[in-house]
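This report refers to the structure that appears directly beneath it.
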Amino acid sequence: MVRDAVIGWDKARRGDRPLRVAVLGAGNVGLEVVRGLLSGWEGPTFDLVGVAVRDMGKAQAAGMPVELLTDAPAHLLADDIDVVVELMGGEEPARTLIAAALGAGVAVVTANKYVIARHGAALEAEARRTDTPLRFEGAVMGGTPVLRLLAEDLAGTRVLGMRGIVNGTTNYILGEMATRGIGYQDALAEAQAAGYAEADPATDVEGGDAADKLVILARLASGVWLDRDSIATRVPDGQPGITGVTAEDLAEATKHGYSIRLLAVAQRAEDGSIEAGVAATAVDVLAPISSIVGARNRVDIHTDRLGWISLEGPGAGGHATAGAVLADLAALIAGHGSTWGPMPPAASGVAQALAPAEWFTGPSGARYPVVR
């Protein structure tokens, strides 16, 4: 039913002409997407009609054709377009523009995890109301197609739980602390100098970015849009994210056969509720997820029919995320519709706190849930 509606959307929009695409945002990801579209990546299938940017001069200096540029995204949205690629980031005006596009029957491709994690339920409802595709593969794990895996390839299974390293910045920082014995602040400063961490790193290091991604993963894994505010990013009495991890804790964990990683975890409880949270976690060094280094990501998925399966790949960066965005555009042409594929409409729910069975306590007094 949904697939037929999407094919109808495609034919009604396109007919015998290319789909007209507008890109909102020309940062690292947007610039790569524009370059891909201008290079004829998908033949004559797409026609790039405009790019909304904050800084016209900077965009021109980056090689953007001046005739495509505008600093008025709402005006571009009002043009005769078929697909909006939203890469502005942040909550507003991105959320309003996405909702307006879907309401007008204009397909949306976005990598905006912040908006999808907080407004996914409302945006999904609007997309379904207007039979208009909403795709967001690039919101989690960059170019590694974990959402498509959950929605399509695992559609015949029941996902029982998942755990993942979904933030490359924190994984890089923890790796530098563990291998070199340096403190958190020194490792963070080096990550910022290397371009792995923002000037204001709070979203990454406090676990917010991972929590956003966990909401999106849980929707595709369990069919529930979890309330973003119900996702804890610390253990009781602990510091958020990795901000309380010390070099001494890492060294002691190694002696006990653990590495410490920031894990996003979601699992089905016996009563059917979803337990979920993000925390610095003591991971058995023999567990494959413990070997992930640098800015790479990995998600382990536990299913009823297949047992554990894993997906690993680049989790960030302009090239990787642009690859996911371009793949979403190709999926529209193929008639695949929204990212949730054949899944029924999602429910809304509140995440229950995780209850680890085992803990590791470091010399700092910080407690870390144990994963084996």
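The values are calculated or read from the model by the stated rules, or taken from the named source; none is laboratory data. This one's a predicted model, so the numbers in the text were calculated from it and none came from an experiment. Neighbour counts run over all protein chains shown; Cβ positions are idealised from the backbone, glycine included. Each accessible area value is taken on the protein alone, full model and side chains, heavy atoms only, with ligands, DNA and RNA left out. Shrake-Rupley method; radii C 1.70, N 1.55, O 1.52, S 1.80 Å.
Give the distance, in whole Å, between the Cα centre of region 178-251 and the Cα centre of region 67-135.
28
Give the residue from G36, L76, G63 lying farthest towards the positive end of the charge dipole for region 35-95; charges sit on Cβ (+1 for Lys and Arg, -1 for Asp and Glu) and the dipole is referred to the Cα centre.
Final value for the positive-end residue is G63.
Can you tell me the Rg and Dmax of region 156-240, counting just the alpha carbons, in angstroms?
Using the Cα atoms of region 156-240, the pair Rg, Dmax is 15.1, 47 Å.
Report the dimensions of the chain along its three principal axes from the alpha-carbon atoms, largest first, rounded to Å.
65, 49, 30
Tell me the relative contact order for region 219-367 as a rounded percent, counting alpha carbon contacts under 8 Å between residues six or more apart.
33 percent.
For region 92-175, run through the trypsin sites (Lys or Arg not before Pro) and keep only the ones in DSSP coil with at most 16 other Cβ atoms within 10 Å of their Cβ.
R158
Which residue, G181, G208, G323, tops the fluctuation ranking in a GNM of the chain built on C-alpha contacts under 10 Å?
Among G181, G208, G323, the largest GNM mean-square fluctuation belongs to G181.
Keeping all protein chains in the complex and leaving out DNA, RNA and ligands, what accessible area do you get for H256 with a 1.4 Å probe, in Å² to the nearest 10?
Accessible area of H256: about 110 Å².
Mind listing the phi-derived Karplus ³J(HN,Hα) values for region 224-240, rounded to whole Hz, using 6.51, -1.76 and 1.60 with θ = phi - 60°, and x for any glycine or proline?
Rounded to whole hertz, the list is 10, 8, 6, 4, 4, 5, 8, 8, 6, 10, 7, 7, x, 6, x, 8, x.
In sequence order, what are the phi-derived ³J(HN,Hα) couplings for region 82-89 according to the Karplus relation 6.51 cos²θ - 1.76 cosθ + 1.60 with θ = phi - 60°, rounded to whole Hz, with x for glycine and proline?
Per-residue couplings from phi come out as 10, 9, 9, 9, 9, 9, 6, x Hz.
Using a 1.4 Å probe and counting only protein heavy atoms, arrange S338, S364 so the residue with the most accessible area comes first. Show your work: numbers first, answer last.
Numbers: S338 10, S364 65 Å².
So the residues, ranked largest to smallest area, are S364, S338.
Below 8 Å, C-alpha to C-alpha, sequence gap of six or more: please give me the relative contact order for the chain in percent.
On the way: 774 pairs, mean separation 78.8, N = 372.
Averaging sequence separation for qualifying contacts and normalising by length gives 21 percent for the chain.
Could you give the dipole magnitude of the chain about its Cα centre, charging the beta-carbon of Lys and Arg +1 and that of Asp and Glu -1, in debye to the nearest 20?
Charge dipole, the chain, about its Cα centre: 620 debye, nearest 20.
What's the longest piece of the chain with no exposed GluC sites (Glu not before Pro), counting a site as exposed if DSSP puts it in a loop and it has at most 14 other beta carbons within 10 Å?
Answer - 92-197.
Measuring with a 1.4 Å probe in the full set of protein chains, what accessible area per residue, in whole Å², belongs to the chain?
Per residue, the chain has an accessible area of 42 Å².
Leaving ligands, DNA and RNA out of it, report the carbon-plus-sulfur percent of the accessible area of the chain at a 1.4 Å probe.
C and S atoms contribute 51 percent here.
With helices defined as uninterrupted DSSP H runs, which ones in the chain have an alpha carbon span along their own long axis of at least 20 Å and mean Kyte-Doolittle hydropathy of at least 1.0?
Result, helices passing both filters: 318-333.
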